[in-house]
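These notes concern the structure reproduced below.
Read the figures in this text as sums done on the coordinates, not as results from a lab. Computed from a prediction, not measured in an experiment: that's the story for all the values here. Here the Cβ positions follow ideal geometry from the backbone for every residue, glycine too, while neighbour counts run over all protein chains shown.
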Amino acid sequence: MATATQAKGKTEKADKKTAFPKETYMFWYESMQLMRKFEEKCGQLYGMQKIRGFCHLYIGQEACAAGAVSALTKDDSWITAYRDHAHPLALGTSPNAVMAELYGKETGCSKGNGGSMHIFDKEKHFFGGHGIVGAQIPLGAGIAFAEKYNKTKNVCMCYFGDGAVRQGAFHEALNLAMLWKLPCIFIVENNGYAMGTSVKRTSNVTDLYTLGDAYDMPSEAVDGMDPEAVHDATARAAERARNGDGPTFLEFRTYRYKGHSMSDPQKYRSKDEVEEYKQRDPIEVIRKKILDKKFSTEAELDAIDQKIVSQVEESVKFAEESKYPDPETALKYIYVQEDYPFITD
C-alpha cells in the first residue's frame, strides 16, 4: 500500500492534467460563481440581521467543491463541517432552499431547523453540515461502511477543516477506514488557519497529508485553488475506492478570503497575504482559461454572471416571503421513526 510520500511521488509523475471539455470548464465557472455571489449576499444579509446565529463563508475555497463534483457521480455521498453553504449549491441544491434555511424558514432544505451550520439535502446525498469540529469524520466513514456493506460502487466525500486533524475522531476514522478498506475520500480543506490560529503555530506537521502515513493510507497534497487539480485527485481517489482498494486522504491547500466566521476581525493575518491569494482566485483563473481556449466570449460569461445574480436575488425574495416553521414541529424531525419509544416529555 502506498504511503503518503509514495503517493506524492506518483502525483508528481501525474502532473499532466486531464484535457477537460468545454462543458466541464463552463460547469466549474457557473458553479463557483454561484457559490461566490450567493455567499457575498449572505454576508450582506448577515450584516442586516436577516441571517442570524453563526455564519461561516466559503469565499475563496470554491474550487474544492466544484472540482470534486465534476469527478464524481450523483449517487456518491457528501458530508462536511459547518462551512457548508457552498457544497450543496455545487451539488445542485436549489439556492432558494439554501437561502430559506439560512433565514430559518420552513421552505429551507432542513425545514428551518438547521440554519447556516446544518444544511442537508437527502436527494443530493448531502449529509451536512456539522457544528462539532471533526464530528463528521467518523460519520463519513460510517456512510462509506454502509456503501460497502450494501455492495454499491458509491463513495463518500468527507470534508473537514485543518483544525479537525488534531481531533481523536480523525485518527480513529482513518484507522478503521483503512483497516476495513472503506470507500471514503477524506479531505482536509487546509486554508492555513484553524479558526484564527495558523497551522504553523498549532501543528508540528504542516504537510497535513503526511498524517495518512500512520495508517498506510494513500495521501497527497492538492492545489485547492485549481478545480482541474481537485478533479484529477478526486477522480484517482474515487477509482481506487470503487475498485475496493479503500480510502484516500487528500489535503486541499486552499484559502478563505473572509474570516473564520462573520464575527472574526481577522487580526491574525495581513491584508497583503489575503491579496496575494486573491491573485490566484479560482474563478478568475477558470474565466481566463475559458476565454483563452475560446470556449466562450466575455459577453457570454457576463450573461452567466447576470443570470446568477438574478438567481441569488430570487433566493432572497423566496426566503423573505416564506413562513417560519410552526413551533410545534420543533421535535418532529429528530427521529426517523415517528413512534420512537424513548422520547419523554
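Placing unit charges on C-beta atoms (Lys and Arg positive, Asp and Glu negative, everything else neutral), compute the dipole magnitude of the chain about its Cα centre in debye, rounded to 20. Intermediate results must be reported in sequence, preceding the final value.
Values: 44 positive and 50 negative charges, 104 e Å.
Computed about the Cα centre, the dipole is about 500 debye.
Peptide packing: for 320-330, 73-83, the average count of neighbouring Cβ atoms within 10 Å per residue gives the ranking 73-83, 320-330, highest mean first.
Just the number, please: percent antiparallel of the DSSP beta bridges in segment 21-323, rounded to the nearest 5. Intermediate values should be presented prior to the final figure.
Values: 3 of 24 bridges.
Antiparallel bridges: around 10 percent, rounded to the nearest 5.
Spin-label pair GLN279-ILE304: with each label point 7 Å from Cα along the Cα-Cβ axis, the two points sit 2.5 nm from one another.
Residue separation of ALA19 and MET48 scaled by 0.36 nm, minus their Cα-Cα distance, works out to 6.0 nm of gained length. Derived scalar couplings between HN and Hα for segment 262-271 equal 5, 8, 8, x, 6, 6, 8, 9, 8, 5 Hz in order, rounded to whole Hz, by the Karplus curve 6.51 cos²θ - 1.76 cosθ + 1.60 (θ = phi - 60°), x for Gly and Pro. Separation of the alpha carbons by more than 25 angstrom is noted, of LYS267/LYS317; LYS151/LYS332; LYS41/LYS267; LYS288/LYS317; LYS37/LYS124; LYS41/LYS307, for LYS267/LYS317; LYS151/LYS332; LYS288/LYS317. To the nearest Å, what is the center-to-center distance of segment 102-127 and segment 156-190, using C-alpha atoms only? The two parts, judged by their Cα centres, are 24 Å apart.
Give me the percent relative contact order of the chain, please, defined on Cα pairs under 8 angstrom at least 6 residues apart.
On the way: 637 pairs, mean separation 82.8, N = 345.
So the answer I get is 24 percent.
Placing unit charges on the Cβ atoms of the charged side chains and taking the dipole of segment 21-323 about its Cα centre, the candidate lying farthest along the positive direction among VAL69, PHE126, MET35 is PHE126. Computed from backbone phi, the HN-Hα couplings of segment 100-108 come to 4, 5, 5, 7, x, 8, 5, 8, x Hz, rounded to whole numbers (Karplus: 6.51 cos²θ - 1.76 cosθ + 1.60, θ = phi - 60°; Gly and Pro given as x).
Please say if segment 95-230 is rounded, prolate or oblate, where rounded means a/c under 1.5 for a ≥ b ≥ c the square roots of the C-alpha gyration tensor eigenvalues, and otherwise the choice is prolate for a/b larger than b/c and oblate otherwise? Oblate, since a/c reaches 1.5 and b/c is not below a/b. Taking the square roots of five times each eigenvalue of the Cα gyration tensor of segment 192-345, the equivalent ellipsoid has semi-axes of 34, 30, 22 Å, listed largest first. Below 10 angstrom from the Cβ of ALA194, what's the summed charge of the other residues (Lys, Arg +1; Asp, Glu -1)? Value of the local net charge: +1.
Sorting the segments 187-199, 258-270 by their mean number of nearby beta carbons within 10 angstrom, highest to lowest, gives 187-199, 258-270. By the Cα gyration tensor, the chain has an equivalent ellipsoid whose semi-axes, rounded to whole angstrom, run 29, 27, 20 from largest to smallest.
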